[in-house]
Structures are given as structure tokens and as C-alpha cells.
Amino acid sequence: MMQLPDSIDITEVCPRDGFQNHKPLINPETKKEIIDDLCKLGFTRMEITSFVSPKAIPQMSDAGEVVRFFNSRWAEQIEGISLIPNLKGAELALKAGAKSLIMVVSASEKHNMANTGRTVADSLAELAEISRIKGDADLNIGIGTSFICPFAGEIAVSDVLEIVRASLNLGISNITIADTTGTANPLKVHDSLSSIKKEFSCSGFSLHFHDTYGFGLANVLTALQLGYASFESSAAGMGGCPFAPGATGNLATEDLVNMAAGMGIKTGINLPDLLEVSRRITKRLNLSLVSHSASTQLGL
């Protein structure tokens, strides 16, 4: 018999990871409406924005406004997470009132340089400084290109483990392992996650899979079989890393919820309501629905 968890936790990342690759600027009021719609679905964690350079990602130039809006309506019920690339981003996020931060450090030196202009060691040094100044805010870490890098190829799990150890030494207990380009296959995912589980167990780890080549749900199933039960996904499959060639889309939340429901795994999210919200998101942004379950169940 396949051993699977009874329930999984889903962090919705559409308002940050989903929006960041969308070229036309999204009106802040539209962002707020979409965040409201998503928050009403029952998520307990959500990436809401990113404090990055507006020159690099203009879409996130309203990060402070988004945080203040979220705090005024949802902060008591949902953990609203702001992505930060470095110490400056953390300072801006904390000044805006962000209550939860996630810093992304790539396991690949080449990707970390392309993404942040820093070596992995420099990023970890900044992470330590952020841990010192964060006050009461929660601090999480996302480890990008944990499996395969578009610049450096396959990533050794030892590089991932090094970042995990450094994070745990700083008291960071929420760690996301990310397949930034969606090129990892189930065998690579199994090998890497097995090594992580052997040293640290599955507790405190989330998985972030993209669906570039259709491997997203297969990789989720691989993680589930190993005992991992926390995942990140994006409504309507929006998003992807702007600094990773080929990262065409996140795993769609509705596909993750649909598969989990069919396997008897609880998510706390009602699929029809989620599908309707995804439909409204794509309509507002003039996009096509790309998720499997949306195109099937909405007849599109």
C-alpha cells in the first residue's frame, strides 16, 4: 500500500510568484481584489509580494502598499509572506510592516549570482544579519535551483544540505526546497529529498515545484510518498522565475488540490471555489487558464 499523509498544507504564491513574471503592470486595486479572493478560500499561508528592486521587477514596486492592505484585513488569520532577496529588501519589508519574510538563496552559485548578484556565502551572511534585525517577524528561507540549475546543470544535494544546516543554525525552521525551472524529474527529486529526510526528517520543509515539462504533480507524488506534506503552488499556474531561462510556470494550485482530493488527502481548500477564483484571476489579467483541472472542469 502507498503510504501518504492524511492532509497537506498549501502555501498560495500567486500574488508574488504568480504576478512577478506578468509584464503588463497590474493595478494595485486589482492585486488587492485577487488577494481578497484567494484569502477567502481558506489558505493559512500566502506569499503576497516581494521587496525587490523596482528596476529588476517593476511589478513589485507597490510591495509596501500590498503589505499594509494585507495587514489591515488578513494578518490575524493568514501568514502573509514577503519575499526578500537581500538585507536591503528585508529592511524595506520590515519598515512596511511585513510580519513574515522569506529570503531565497540558490543552491547554485551561478544562479544565485544571476538572481541576487551575490555568492551563496554572501547571501548566507546577509541571512544571518536579517535574523539579527528581524524582531518579531518570522523568517523563512527558500532554496532555489535545489535540483537542477539552467546555468550549472544538476545540483549536488550536498550543496542544498549546506544551506539547510546554515539556516537551522540561525533558528530558521521553515525551509522551502524549490525546483526553480521545473526540470527536475521524480528520480532526482526522490534522491535529493531522501537525503534531506535522512538527516533532518520531513518536518519544516516545503516543496516548490514548477510544471515546465509537466513533471509538477509527479514530483509532488514522489514527495508525498517520502512523507513530505507541505507544498507551494500558484492559482491558475501563474508565475515562474524571471532569472531562470525556461521557468514557464508554477504548479497550479487547482491541479494540486484536485489530485489531493482524488487521493483522499485533505487540503482545506474547496476545489470549485478555487477554480472560480482562478477563472476570475485570468479574466482580470487577460490570460488563458493553463491548469489541467481548470480547463477540464470549467469546460474551457
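Any read-out appearing in this document is the output of simple, stated calculations on the displayed coordinates, not a laboratory observation. Remember, predicted model here, so these are calculated numbers, not experimental data. Don't worry about glycine lacking a Cβ; one is built from the backbone with ideal geometry, like all the others, and counts go over all protein chains shown.
The lysines whose alpha-carbon is closer than 27 Å to the alpha-carbon of residue 134, local same-chain residues fewer than 8 away aside, are 31, 32, 55, 88, 95, 99. Listed options for semi-axes √(5λ) of the Cα gyration tensor in Å are [x] 41, 19, 18; [y] 30, 23, 18; [z] 25, 24, 18. The value calculated from this structure is the one marked [z]. In order along the stretch 127-134, the phi-based Karplus estimate (6.51 cos²θ - 1.76 cosθ + 1.60, θ = phi - 60°) of 3J(HN,Hα) comes to 4, 5, 5, 5, 4, 6, 9, 5 Hz; Gly and Pro are listed as x. Taking amide H as placed 1.01 Å from N in the peptide plane, residue 206 has its amide H under 5 Å from the amide H of 175, 176, 177, each at least 5 places away in sequence or on another chain.
DSSP bridge analysis restricted to the chain gives an antiparallel fraction near 10%, rounded to the nearest 5. The relative contact order of the chain, computed from alpha carbon pairs under 8 Å that lie at least 6 residues apart in sequence, is 20 percent. Just grab the label-to-label distance for residue 138 and residue 286, each label 7 Å out from Cα along the Cβ direction, in nm (one decimal). In this crude label model, residue 138 to residue 286 measures out at 3.7 nm.
About the centre of its Cα atoms, the stretch 154-272 shows a dipole size close to 280 debye [charges on the beta carbon of Lys, Arg (+1) and Asp, Glu (-1) only; nearest 20 debye].
Mean sequence separation of contacting Cα pairs (under 8 Å, at least six apart), scaled by the length of the stretch 82-129, corresponds to a relative contact order of 39 percent.
Suppose every Lys and Arg Cβ carries +1 and every Asp and Glu Cβ carries -1, with no other charges. What dipole size does the chain come out with about its Cα centre, to the nearest 20 debye? Before the final figure, lay out each step's value.
Details: 25 positive and 32 negative charges, 87 e Å.
Dipole of the chain, to the nearest 20 debye: 420 debye.
Taking θ as phi - 60° and the Karplus parameters 6.51, -1.76 and 1.60, the scalar couplings of the stretch 259-276 work out to 5, 4, 4, x, 9, x, 9, 7, 10, x, 10, 7, 4, x, 5, 4, 4, 5 Hz in sequence order, x denoting glycine and proline. Rounded to the nearest 0.05, the FRET efficiency derived from the C-beta distance between residue 154 and residue 25 at R0 = 41 Å is 0.65. For residue 102, nonlocal amide neighbours, meaning residues 5 or more places apart or on other chains whose placed amide H falls under 5 Å from its own, are 82, 83, 84, 140.
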